[in-house]
1. Checking the conditions here, which among A:E45, A:E30, A:E95, A:E55 is surrounded by fewer than 18 Cβ atoms within 10 Å (Cβ to Cβ) and either within 14 Å of another protein chain (Cβ to nearest Cβ) or part of a helix (DSSP H, G or I) (or both)?
2. Count, please, the residues in segment B:113-156 that happen to be closer than 26 Å to B:G29 by Cβ, among the polar types (S, T, N, Q) and assigned to a helix (DSSP H, G or I).
3. Regarding segment A:113-121, can at least one residue be identified that is of a type in the set (S, T, N, Q) and open to solvent by 40 Å² or more (accessible area, probe 1.4 Å)?
4. Hey, B:L103 hits all of (1) open to solvent by 80 Å² or more (accessible area, probe 1.4 Å); (2) in contact with a Leu (Cβ under 9 Å, 6 or more places away or on another chain) but one; which does it fall short on?
5. Which condition does B:I17 not pass, out of (1) within 16 Å of DNA strand C (Cβ to nearest atom); (2) out of contact with any Phe, Trp or Tyr (no Cβ under 8 Å at 6 or more places or on another chain); (3) at pLDDT below 95, if it passes all the others?
6. Of all residues in segment A:157-195, which are outside any helix (DSSP H, G or I) and open to solvent by less than 60 Å² (accessible area, probe 1.4 Å)?
7. For B:F75, which of the numbered conditions (1) more than 13 Å from DNA strand C (Cβ to nearest atom); (2) surrounded by 16 or more Cβ atoms within 10 Å (Cβ to Cβ) fails to hold?
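The values are calculated or read from the model by the stated rules, or taken from the named source; none is laboratory data. Please read all numbers here as calculations on a predicted model, not as lab measurements. Quick reminder, even Gly has a Cβ in these numbers, built from the backbone with ideal geometry, and neighbours come from all protein chains shown. The area values use the complete protein model at the heavy-atom level, side chains included, leaving out ligands, DNA and RNA. Shrake-Rupley method; radii C 1.70, N 1.55, O 1.52, S 1.80 Å.
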There are 2 protein chains.
Amino acid sequence: MTRPTLGRLVQESTAAIIASRLRKAIRDGELPAGAQLGEAQLARELGVSRGPLREGMQRLTQEGLVISIRNRGLFVVELTADDVRDVYVARSAVERAAAQLVLQRDVAAAADQLLAVVNEMRQAADDQRSDRVGDLDLEFHNVLVSLAGSPRLSRTHHTLLTETRMCINALQTTYPPPDERVPEHRAIAEALLLVDPGVVDRLIVTHMADAVTRLLTVVPPS
Amino acid sequence: MTRPTLGRLVQESTAAIIASRLRKAIRDGELPAGAQLGEAQLARELGVSRGPLREGMQRLTQEGLVISIRNRGLFVVELTADDVRDVYVARSAVERAAAQLVLQRDVAAAADQLLAVVNEMRQAADDQRSDRVGDLDLEFHNVLVSLAGSPRLSRTHHTLLTETRMCINALQTTYPPPDERVPEHRAIAEALLLVDPGVVDRLIVTHMADAVTRLLTVVPPS
DNA sequence: GCTCGTAGGATTGTCAACAATAGTGGCCAC
DNA sequence: GTGGCCACTATTGTTGACAATCCTACGAGC
């Protein structure tokens, strides 16, 4: 008998913890794109041996956040313009599907959670806290996909958000004005309440297309 | 200067090879669902040490094909009815997006490749080679997503096809008649030639829904 | 009879040493 | 001056051994 409230007590594997730490470091730009990751050094910094560290690295290479060249080393992936487009292609696929699933569930509760994020975003925008607006942007999409309740979509999406954040960091200098982004997200959240699949879908597609355009106007189109 | 024809010469990592081997073994049911994977034994069989083997395992756990319980061991994931549904939710997301991308590319060439697979499927069905029909079914969807040219969709899809195959293996006893499946795939391939996004999209959605229904009529609905 | 505590065995987690490989700089021949 | 050869160094790849943990079985105590 397992009570629903008491989740199973599992200690996640060391490799998972290491991967999680490094993922965060890559996401936040502490490990910049293209940087070589020396195993010995990273192992020292994390206080583990090279064995577990290499195991964690395998997870990141599987996700595509790190590329491994045999006998050369591990490097943080460098996202090209094509990669940026591809990230948003994949995000569109995942988030459109997630939104449709949300429409088949408790839409009202979902809209509540999303609007809460939007309101925080509004506040942050008013306070000129551009970086926090960015965090909440990602959080909005994270919540949206989580609400769909699909483990596989969530897992894929998690990696995609990490890559999205990498793009933003790389182009941090000029990022779009917050005042555009807040209403776009609010529109998506409110559209859910209409329970019209077509409207939600179109809004998401547009939202993604806009994001790519904004990101790539800075980068030379390859 | 790297010529397009001459791909970069890279030797893939040992962990990647091990993961690939095990993925195939899991896909084909040689390592049945729920089975514990003893590290020592597998390492012996593959002729490697436990280190590289564990690295390969991390990739599979990241993909969700294997679950790791600390100090207990690694187990091949057991797919529940909810998992089957989720696999097809994710496949729908990926393949619908892929199809839309294909429509923006060389549709004629794509349809050619897909129809070639369908014709082989027709032949196999006529020969009563049910297992080969199944292989070609997966091959069809693999080609479809490959043609989209999206690395991220392809990577996700690869895992999903492995899981699909696991489902089929688990329920191998009663699998749907080939004569239904061949025309369904042919319809999708031919719809591409119409260059009507709506038609293709609807066909894929239906195809996926049908597949789930077929798979779950055997399993007790949870 | 049931529970608790405890050895035994087996498996996983971690580590440090060894082997193999690629990059680097210098030297020599042409 | 250019190209080829060769040791040297640093890093990665692999291994076997050791430590920690869990499951099982068995016996003592209530």
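1. A:E45
2. Counting residues in segment B:113-156 that are closer than 26 Å to B:G29 by Cβ, among the polar types (S, T, N, Q) and assigned to a helix (DSSP H, G or I) gives 6.
3. Yes - at least one qualifying residue is present in segment A:113-121.
4. Here B:L103 meets the rest and fails (1).
5. (3)
6. A:L171, A:P176
7. With (1) more than 13 Å from DNA strand C (Cβ to nearest atom); (2) surrounded by 16 or more Cβ atoms within 10 Å (Cβ to Cβ) applied to B:F75, the lone miss is (1).
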